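Peer 1: Sharing a structure, written as structure tokens. Questions coming.
The values are calculated or read from the model by the stated rules, or taken from the named source; none is laboratory data. Remember, it's a predicted structure, so these values are computed and weren't measured experimentally. Cβ: placed from backbone, ideal geometry, glycine included. Neighbour counts: every protein chain shown.
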Amino acid sequence: MKIDRLLSIVILLLQKNRIQAKELADLYEVSIRTIYRDIEAISMAGVPVVTFQGAGGGIGLMEGYRLDRSILTDHDIKDIVMGLQSLSSSLGGPNVSQLLNKFESIVPASEKEQFRVRTTQFIVDHSGWGNQAAQESKLIKVKEAISQAHTIAFTYRNAEGALTERNVEPHTLVLKGQQWFMYAYCRGREQFRLFKLSRMSNPVVTETAFTRRDLSYEVLPWNEGRTAASRAVQPFILQFNRKSRHLAEDWFGVEALNEQEEGIYTVSVPFPEDTWVYGFILSLGPDVIVREPAHLRAKIREMALRIASNYEDNQKI
């Protein structure tokens, strides 16, 4: 859109002293004549654009000019930039980076160093460890489908391992518990469903457009499953030793530890009992023991023995 290009040119001019018209034309893939019309429109809007002739010339802004940011306080801008930085770690993409540049450009040069210090005092990084290329590719496809209001088709494997082909109307991307979900209306099931991106494969944005359905976010639909499960929450008592104490502190906080005797600690953990809890407890390793309840001790023991049997010498690979 032309208005986006005009604003982008202004931001670019704020960041550079001078730039050639041809460089702008190449950047925005338009003619030099179009760039000069854009510059004229920017100037008519009250932005003091200056054209410099001769060697080293080009297009620039009157010295000392910056965008009016009177509607935002310094704290407002700092908080917005910190939020955008957190968003950038998980969503990425050029739009977020460009928006960060826009906000940073309205900070006076004399305050930029202080601004950088203040916006790096608190960092939230939602990105995972390792190669995230596959997930980023899915995020791009889902964002594209949502912005275009087109359905997205994909193969989905549920928690039980069953494969189904889905064609859905994507409405919302949800980052919850360090996992990405897509909240979408499933045309096959004729109802809204929550799809975990890690279980999706071969996503394709179709040519089929859809009209967004009315949704109420007063009660977050992606919390319903966990809220229902929370009615079955019961406390599990886990025991840690000196070697595993750091795990208890990492997951539950220093205050949650109760020292039973020297080097032995317990933590009461309120969770609904499900397959996630089994896997979570096993992931804590051999230096963590389930104290209560007895049936959970038996369940974890059974699963640990099954895992061990997979590594016996006579086990076929």
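Peer 1: Kindly establish whether R297 is in a strand (DSSP E or B), charged (D, E, K, R) and surrounded by 13 or more Cβ atoms within 10 Å (Cβ to Cβ).
Peer 2: no
Peer 1: Next question. Quick check on my filter: what residues within region 281-294 are surrounded by 15 or more Cβ atoms within 10 Å (Cβ to Cβ) and of a type outside the set (D, E, K, R)?
Peer 2: Across region 281-294, the qualifying residues are I281, L284, V288, I289, V290.
Peer 1: Hey, another quick one. Given the condition among the basic types (K, R), part of a helix (DSSP H, G or I), outside the structural domain of Q179 (by TED's automatic domain parsing) and closer than 27 Å to E160 by Cα, answer yes or no: does some residue in region 237-247 qualify?
Peer 2: no
Peer 1: Of everything in region 160-170, what is surrounded by fewer than 18 Cβ atoms within 10 Å (Cβ to Cβ) and assigned to a strand (DSSP E or B)? Give them in sequence order.
Peer 2: Selection gives L163, T164, E165, N167.
Peer 1: Would a scan of region 108-126 turn up a residue that is of a type in the set (S, T, N, Q), modelled with pLDDT of 70 or more and crowded, with 16+ Cβ neighbours inside 10 Å?
Peer 2: no
Peer 1: Another one. Within region 258-294, which residues are touching a Lys or Arg at 6+ places or on another chain (Cβ under 7 Å) and either β-branched (V, I, T) or assigned to a loop (DSSP other than H, G, I, E, B) (or both)?
Peer 2: G263, T266, D287, V290
Peer 1: Still on this model: Filter region 17-73 down to the residues that are in a helix (DSSP H, G or I), of a type in the set (S, T, Y) and at pLDDT 85 or above and list them by number.
Peer 2: Scanning region 17-73 gives T34, Y36.
Peer 1: Regarding R213, is this residue closer than 17 Å to T151 by Cβ, part of a loop (DSSP other than H, G, I, E, B), of a type outside the set (F, W, Y) and at pLDDT below 90?
Peer 2: Considered against the rule, which asks whether it is closer than 17 Å to T151 by Cβ, part of a loop (DSSP other than H, G, I, E, B), of a type outside the set (F, W, Y) and at pLDDT below 90, R213 comes out as yes.
Peer 1: Let me ask you something else. Could you list, in sequence order, the residues of region 189-210 that are over 15 Å from V174 (Cα atoms), touching a residue at least 24 places away in the same chain (Cβ under 8 Å) and not in a strand (DSSP E or B)?
Peer 2: F210
Peer 1: Identify the residue in region 147-159 that is within 22 Å of W276 (Cβ to Cβ) and not hydrophobic (A, V, I, L, M, F, W, C) and, among all such residues, is surrounded by the most Cβ atoms within 10 Å (Cβ to Cβ).
Peer 2: Among those residues, the one meeting the criterion is Y156.
Peer 1: Would you mind telling me which numbered condition in (1) more than 30 Å from L12 (Cα to Cα); (2) at pLDDT below 90 T155 fails?
Peer 2: (2) is the only condition that T155 fails.
Peer 1: Quick check on region 13-41: of everything there that is in contact with a strand residue (DSSP E or B) (Cβ under 9 Å, 6 or more places away or on another chain) and within 26 Å of S110 (Cα to Cα), which residue is surrounded by the most Cβ atoms within 10 Å (Cβ to Cβ)?
Peer 2: Going through the qualifying residues, I end up with L13.
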